[in-house]
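Have a look at the structure below before the remarks.
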Amino acid sequence: MTASDGQDELEAQFAQWRHYVLRRRELQQSDAEELEDHLRGSVDELVAVGLRADEAFLVAVKRMGSLDDLSREFAREHSERLWKQLVLTGDTDSTVADTRSRRDLFAMVICTAGAVASFKVPELFGISLNRDSAFYGRNFALFALPWLAAFLAWRRRARPALVGVLVAMFALGAVAANAYPLADDSQSAVLTAIHLPIALWFVVGLAYVADDLRSSRRRMDFIRFTGEWLVYFVLIALGGGVLIAFTYGTFEAIGVDPERFISLWLLPCGAVGAVVVAGWLVEAKQSVVENIAPVLTRLFTPLFTAVLLGFLVAFAVTNAGIDIGRDALILFNLLLVVVLGLLLYSISARDPLAPLGLFDKLQFALVVSALAIDALVLLEITGRITEYGTTPNKTAALGENVILLANLAWSGWLMLGLVRRHKTFAALERWQTGYLPVYAAWAWLVVLVLPPLFSYR
Amino acid sequence: MRVAKDLVAASATPMVLGILAEGDSYGYAILRRINGLSGGELDWTEGLLYPLLHRLERLGYVESSWQSVAGERRRKYYRITNTGLAELAEQRRQWDTVVDALKEIWLGPGDFRPFIAIALEGQA
């Protein structure tokens, strides 16, 4: 073996050692460098007394002791490293990741500023938030979501064709919200205000899966993104609430009325800005922080299952029938949405190859009980519709109920297969991700087709 | 004979500060120096030295800088600060007190030196 061979081998060993060290959360790049310098000093000395390079390396590593002990000692001094910090200030260690996260931060600031600015543009044309609240109610999503989509598309370097599609979809949404002659208090206007954000959220989803539109894995990522985004948005909203309370209290105390500022600037601009910021946070933190949505799912699946089963038992015992009031259908729709959410987010966090556990059975019970309840509700409601005729509200609610029911019914069937061990978990995952376009299609249908169908009632 | 772990830990700070007071140094050299000073009897590990150096840096007793040595290698040098010198003086005062007291007991005036000699002989 020549000297340069030995040297190359030694470098390879050092590289491997560095790799092991850097896998420890307690040890950072600078620590690794410092320890490597130490190791090299040790190796040099051993080589000087006559050992071969590879022998010297082994002895030096052995002398340093186990990495476990080493990182435990480091953890005692640097306990903060066990708490992953959000890279807001930049990771001083790695320059590549640093420039990337800084560029992300920059793009996020631009998109947030854009969202806030676009929210204020209509005011230049004399549309103000207090007088034309219906306009803002219908268009709210149009101020924020295009900017979030822009941020995601930029991050994924979306192809021009896809960018064109995104722009066209948002334009279509804007037309649907504003071109129809909808009275402010009509049912159709309210339906548009509710369904346009959902429809546009799926356009954001299109930007999210820009790199691979058909991939089931990417769609699952989008579901995860949606859950985490919601969690961050709610957290930001809580913080914003505290900010507003203090703004109000302190200015009030010195006799300045901040209400106009809060209702016209702070609250709406903060809300549209938070949409983009929450999206950026999810992107920045996805590998840093444990996802929250699956944790919440784990907590609430048993509780919801207990409540639903309790409801069924109470229903059977009292035998009173369900009172389908005005809001009942919406309530049960939301119940299905929650059950579906619990299902989705535990799917999103589940290792596809993990064996069947108690939790899967619990989830099966949850789905079945939700299906049973919804079947009872649907029975009631169809009777009513045939009796009194239909309205836009009833049509939309019924359609959603049917869509969710179909999803849950087939999910239940797949889960039964899973429980009886002749279906794989992947089938359930594929079913859920494949179903996403159905929700999008229905939301667009409600926004675009329903108003003219019911002559803008 | 190896020095007990607790004693090593207790004497670590004044030892490192003392070595740095002689001049700037880096981890490996500090460890070698301690080894040389104690004839290999002080059992210092990297897990003791580096976190200690980082702690002293956090407390402001030492400051560090990266310097290039021998090609592409970078080495982290430590330098003692004025606060560090003050801390060293304080620790030295305390250690002197302890050492003096121990000396007083073991080597003080009186006639027990033979006892120690006997005890040592007995051990040997």
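The values are calculated or read from the model by the stated rules, or taken from the named source; none is laboratory data. The model shown is predicted, which means the values in this text are computed figures rather than measured ones. Cβ placement follows ideal geometry from the backbone for every residue including glycine, while neighbour counts extend to all protein chains displayed.
If A:Asp68 satisfies all but one of (1) at pLDDT below 85; (2) more than 28 Å from B:Ser65 (Cβ to Cβ); (3) assigned by TED's automatic domain parsing to the domain that holds A:Ala284, what's the number of the condition it fails?
(3)
Give the stretch A:434-447 a look and list any residue that's touching a Gly at 6+ places or on another chain (Cβ under 9 Å) and within 15 Å of A:Arg138 (Cα to Cα), or say none. Step through it out loud before you land on a result.
Applying the first criterion (touching a Gly at 6+ places or on another chain (Cβ under 9 Å)) to the stretch A:434-447 yields A:436, A:440, A:442, A:444-447.
Within the stretch A:434-447, A:Trp444, A:Val446, A:Val447 qualify.
Just checking, does the stretch B:3-16 include any residue being surrounded by 14 or more Cβ atoms within 10 Å (Cβ to Cβ) and either at the interface with chain A (Cβ under 9 Å from one of its Cβ atoms) or more than 28 Å from A:Glu80 (Cα to Cα) (or both)?
No: the stretch B:3-16 contains no residue that is surrounded by 14 or more Cβ atoms within 10 Å (Cβ to Cβ) and either at the interface with chain A (Cβ under 9 Å from one of its Cβ atoms) or more than 28 Å from A:Glu80 (Cα to Cα) (or both).
Can you tell me how many residues in the stretch A:31-81 are aromatic (Phe, Trp, Tyr) and facing chain B (nearest Cβ under 7 Å)? Explain how you work it out, then say what you get.
Filtering the stretch A:31-81 for residues aromatic (Phe, Trp, Tyr) gives A:57, A:74.
Narrowing the set further to residues that are facing chain B (nearest Cβ under 7 Å) leaves A:74.
Matching residues across the stretch A:31-81 total 1.
I want to confirm something. Restricting to the stretch B:39-64 and keeping residues that are within 20 Å of B:Val3 (Cα to Cα), assigned to a loop (DSSP other than H, G, I, E, B) and among the small types (Gly, Ala, Ser), which single residue is farthest from the other protein chains (Cβ to nearest Cβ)?
B:Gly39
If you take just the helices (runs of 4 or more DSSP H) that sit entirely in the stretch A:152-271, which of them hold at least 3 residues that are at negative phi and either free of Cβ contacts under 8 Å to residues at least 40 places away in the same chain or among the acidic types (Asp, Glu) (or both)? Even if it seems obvious, please write down each step before you answer.
Details: elements: A:160-178, A:187-208, A:216-253.
Qualifying helices (runs of 4 or more DSSP H): A:160-178, A:216-253.
Mind telling me which of the residues B:Ala29, B:Ala21, B:Ala10 ends up being in a helix (DSSP H, G or I), free of Cβ contacts under 8 Å to residues at least 24 places away in the same chain and over 23 Å from A:Glu33 (Cβ atoms)?
On the way: B:Ala29 fails: over 23 Å from A:Glu33 (Cβ atoms); B:Ala21 fails: free of Cβ contacts under 8 Å to residues at least 24 places away in the same chain.
After applying the criteria, what remains is B:Ala10.
Scan the stretch B:31-78 for residues that are among the aromatic types (Phe, Trp, Tyr) and within 18 Å of A:Glu45 (Cα to Cα) and report the count.
Taking the stretch B:31-78 and keeping what is among the aromatic types (Phe, Trp, Tyr), we get B:44, B:50, B:61, B:66, B:77-78.
Add one more test, that the residue is within 18 Å of A:Glu45 (Cα to Cα), and what stays is B:44.
Residues flagged as among the aromatic types (Phe, Trp, Tyr) and within 18 Å of A:Glu45 (Cα to Cα) within the stretch B:31-78 amount to 1.
Which residue out of A:Gln28, A:Gln16, A:Gln7 is more than 10 Å from every other protein chain (Cβ to nearest Cβ), of a type outside the set (A, V, I, L, M) and touching a residue at least 60 places away in the same chain (Cβ under 8 Å)? Show your work before the answer.
Working: A:Gln16 fails: touching a residue at least 60 places away in the same chain (Cβ under 8 Å); A:Gln7 fails: touching a residue at least 60 places away in the same chain (Cβ under 8 Å).
The match here is A:Gln28.
I'd like the full set of residues that are in a strand (DSSP E or B), without any contact (Cβ under 8 Å) to a residue 40 or more places away in the chain and within 9 Å of chain A (Cβ to nearest Cβ), limited to the stretch B:65-105.
Here is the first cut: in the stretch B:65-105, the residues in a strand (DSSP E or B) are B:65-68, B:74-80.
In the following step, the residues that additionally are without any contact (Cβ under 8 Å) to a residue 40 or more places away in the chain were identified as B:65-68, B:74.
Scanning the stretch B:65-105 gives B:Trp66, B:Arg74.
In the stretch A:8-61, which residue that is crowded, with 18+ Cβ neighbours inside 10 Å and touching a strand residue (DSSP E or B) at 6+ places or on another chain (Cβ under 8 Å) is farthest from A:Glu73 (Cα to Cα)?
A:Asp37
When the stretch B:45-75 is examined, which residues are found to be surrounded by fewer than 20 Cβ atoms within 10 Å (Cβ to Cβ) and among the aromatic types (Phe, Trp, Tyr)?
B:Trp66
Might you check whether a residue that is closer than 30 Å to A:Leu344 by Cβ, surrounded by fewer than 16 Cβ atoms within 10 Å (Cβ to Cβ) and among the charged types (D, E, K, R) occurs anywhere in the stretch A:256-270?
no
Quick grid of which residues meet (1) modelled with pLDDT of 85 or more; (2) under 25 Å from the mean Cα position of the chain (by Cα):
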position: A:Leu376; (1), (2): no, no
position: A:Leu379; (1), (2): no, no
position: A:Glu387; (1), (2): no, no
position: A:Leu398; (1), (2): no, no
position: A:Ser411; (1), (2): yes, yes
position: A:Leu416; (1), (2): yes, no
position: A:Leu445; (1), (2): yes, yes
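Hey, does the stretch A:147-154 have a residue that's farther than 30 Å from A:Arg214 by Cβ and assigned by TED's automatic domain parsing to the domain that holds A:Ile262? Steps first, please.
First pass over the stretch A:147-154, keeping only residues farther than 30 Å from A:Arg214 by Cβ: none.
No - not one qualifying residue is present in the stretch A:147-154.
Working carefully through the options A:Leu366, A:Leu309, A:Leu344, A:Leu334, find the one that is under 21 Å from A:Glu228 (Cα atoms), in contact with a helix residue (DSSP H, G or I) (Cβ under 7 Å, 6 or more places away or on another chain) and modelled with pLDDT of 75 or more. Quick ask: steps written out before the conclusion?
On the way: A:Leu366 fails: under 21 Å from A:Glu228 (Cα atoms); A:Leu309 fails: under 21 Å from A:Glu228 (Cα atoms); A:Leu334 fails: in contact with a helix residue (DSSP H, G or I) (Cβ under 7 Å, 6 or more places away or on another chain).
Of the residues listed, the single one that is under 21 Å from A:Glu228 (Cα atoms), in contact with a helix residue (DSSP H, G or I) (Cβ under 7 Å, 6 or more places away or on another chain) and modelled with pLDDT of 75 or more is A:Leu344.
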